[in-house]
Amino acid sequence: MASPQAQEAVTVRVFTQRFSATRRGARLARRLATQQLDAWGVPYGSEPSDAAALVVAELAANAVLHGRVPGRDFGLRLAYNTAKGLVRIEVTDTHNAMPARVPRGAAADGERGRGLVLVDAIAVRWGISGRSGPGKTVWAYVQASQADV
């Protein structure tokens, strides 16, 4: 009989917060995300912290500009898997319209439409999920450390 294999302990740290669907709410989401990552050992101003801040800023701005439903907030959830060195960033809004997926390497025309291109360039991967109730969740994984992926 084979002996059971030991499994590596996995620590996943989670931060969840709701914000008003305003520019101020989007800015606060970005600031609290970098503060939380710093508390988890991803130093403020480091490349991983800046990458996560940019992704949070873009997804929160999209939630405020395109996913806003009057009287409804948007949500931010960070989940840091220390074993994989990845932070999952989720921004949830209550609008049913789905953002257009941008092909990798595609450039956006005009002054708008570059946010998801930036997310695509920075994130390890990203996507869109449904949720219970109205709306959607746009998520992205950002590399936070040099742990094995």
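Only the coordinates and a few stated rules stand behind these numbers; no lab work does. The shown structure was predicted, so the numbers you read here are calculated from the model rather than taken from an experiment. A quick note on method: Cβ atoms are made from the backbone with ideal geometry, for glycine too, and the neighbour counts reach across all protein chains shown.
Remarks
- Region 21-86: relative contact order as a whole-number percent, Cα under 8 Å and 6+ apart: 37 percent
- Radius 14 Å from Cβ of Val69, net charge of other residues (Lys, Arg +1; Asp, Glu -1): +3
- Förster radius 22 Å - calculated FRET efficiency between Leu28 and Ala79, Cβ distance, rounded to 0.05: 0.70
- Were the residues from Arg114 through Glu47 laid out at 0.36 nm apart, the gain over their Cα-Cα distance would be 22.1 nm.
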